[in-house]
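Each reported figure results from applying straightforward, stated rules to the coordinates on display, with no laboratory input. Note that the coordinates shown come from a computational prediction; the quantities given were computed from them, not determined experimentally. Please note: Cβ atoms are built from the backbone with ideal geometry, for glycine as well, and neighbour counts cover all protein chains shown.
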Amino acid sequence: MADETPQEQTSTEEQQPKKGGAMKAIIIVVVVMVIEAAAFLGMMMMSGGPDPAAAADVVPDDQAELDKLVEVTIVEGKFDNRRTGRTYLYDTEIVVLVRQRHAEQLALDIEASQTQVSVDVQTIFRRAEPAHFQEPTMATLTRQVKAKLDERFGTDAEDKPLIDKVLIAKCLAIRMDY
């Protein structure tokens, strides 16, 4: 070391990392981040939060009232199926969703043709495969009933079906032959 020249001594000192300088840089970065966070929170507090919403006067919309969906019961009854070789009786309730504007007329039409609607549903249930009754949503039966009801009750003035959706509210299987 005594043989080392001053140049070699400075280069050796440069190679050694400066512990104090790295620590100072980390402290400076942390302090700057704390100051930024405090400034951000201060700005958020000074803004006072969102403006309160002003309530508008509610004007009833007659068109929206007429377009609301209402439930109309189509048929309640017990329908049989013998496709498995055993007789099952299905205690059933079928409801449809229709627009309010069509509900009264559809209810009158259903009352006038209750027996025909019941026979249509009975035919669908008698022809149905056993797997159709096992479907979680009864999609096949629902689709067939909707098609038959659309055929029977037709469309409105805009050529849209009167019935928006068919719901099989209840379809309880009762085995009849033991």
**Report entry** For the stretch 65-175, the spread of Cα positions along each principal axis, largest first, Å
**Finding:** 47, 27, 20
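Starting from 0.36 nm per residue, how many nanometres of slack lie between Arg86 and Arg101 once their C-alpha separation is accounted for? It would help to have the intermediate numbers written out before the result.
Working: separation 15, 0.36 × 15 = 5.40 nm, distance 4.37 nm.
Stretched out fully, the Arg86 to Arg101 stretch lengthens by 1.0 nm.
Going by C-beta contacts inside 10 Å, put Met138, Met176, Met46 in order with the fewest on the left.
Numbers: Met138 18, Met176 12, Met46 7.
Exposure proxy ranking, most exposed first: Met46, Met176, Met138.
Under 13 Å from the Cβ of Gln105, count the other residues' Cβ atoms, weight Lys and Arg +1, Asp and Glu -1, and hand me the total.
Values: positive: Arg99, Arg101; negative: Glu104, Asp109, Glu111, Asp156.
Here the charged neighbours net out to -2.
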Query - Under 5 Å, built H, 5+ apart or other chain: amide partners of Lys78 - result: Thr92
